[in-house]
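Coordinate-derived values only; no laboratory data. Just so we're clear, the structure is a prediction, and the values are computed from it rather than from any experiment. No Cβ is skipped: glycine too gets one built from the backbone with ideal geometry, and neighbour counts run over all protein chains shown.
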């Protein structure tokens with residue numbers, strides 16, 4: 001039994017916000033390369049984070065988006081769930097890392113005129129068409145997800 005468990009992957013649960021504006025664009029954030037443990041290249045992502053013990057999905061989304069962008073969300077509608085292509089190293093030199101199971105929710109912003117203020121986790125943001133977002137998100141997300149972005 002213990003030998004079998006050694007072959008099992010370990011995953012964290014992440015909640016992501018697919019934030020759209022009235023123009024149908026999707027908010028993407030570029031991950032700050034200096035904040036990455038494994039020093040991989042920066043990549044584009046949608047905001048969100050891992051669920052902490054005792055938090056609900058809505059709490060995680062609200063808190064993570066406020067921390068990463070200072071935006072307030074409304075309308076949390078389930079969109080998709082996936083296994084991320086990215087694994088998170090637990091320490092420098094970790095070659096296996098922990099996987100991510102991501103639940104993605106479509107969300108709207110309370111005030112579309114509110115300024116976006118990025119945390120140090122991200123170096124820039126961009127509003128993209130669904131086609132642009134689909135292309136930029138392929139680094140982290142499987143085609144089964146990115147192909148659904150043309151809603």
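Take peptides 107-116, 59-68, 80-89 and line them up by average Cβ neighbours within 10 Å, highest first, as a rough protection proxy. Each step should come with its number before you reach the end.
Details: 107-116: 13.3, 59-68: 18.8, 80-89: 16.3.
Going by the mean number of other Cβ atoms within 10 Å, highest first, we get 59-68, 80-89, 107-116.
Extension gain residue 131-residue 67, at 0.36 nm per residue separation less the Cα-Cα distance, in nm?
Working: separation 64, 0.36 × 64 = 23.04 nm, distance 2.69 nm.
This chain segment gains 20.3 nm when fully extended.
Rounded to the nearest 500, what is the chain's calculated 222 nm mean residue ellipticity when only DSSP H runs of at least 4 contribute -39500 (n - 2.57) each, over all residues? Don't skip to the answer; put the middle values down first.
Working: 4 runs with 29 residues, N = 151.
Mean residue ellipticity, 222 nm, calculated: -5000 deg cm²/dmol.
Once R0 is set to 22 Å, what does the formula 1/(1 + (r/R0)^6) return for the Cβ-Cβ distance between residue 117 and residue 150, expressed as a FRET efficiency to the nearest 0.05? Don't skip to the answer; put the middle values down first.
Values: r = 29 Å, r/R0 = 1.34.
After rounding, the FRET efficiency stands at 0.15.
Want the number for residue 139 to residue 56: 0.36 nm per residue separation, take away the alpha-carbon distance, what's left?
Working: separation 83, 0.36 × 83 = 29.88 nm, distance 2.76 nm.
That pair, residue 139 and residue 56, stretches by 27.1 nm at full extension.
For the chain, what is the percent of antiparallel DSSP beta bridges, rounded to the nearest 5? Can you show the working numbers first?
Details: 21 of 30 bridges.
Of those bridges, close to 70 percent are antiparallel.
In Å, what Rg and Dmax follow from the Cα atoms of the chain?
Final numbers for Rg and Dmax: 15.7, 56 Å.
Assuming R0 = 30 Å, can you tell me the calculated FRET efficiency for the pair residue 41 and residue 8, based on Cβ-Cβ distance, to the nearest 0.05?
0.55
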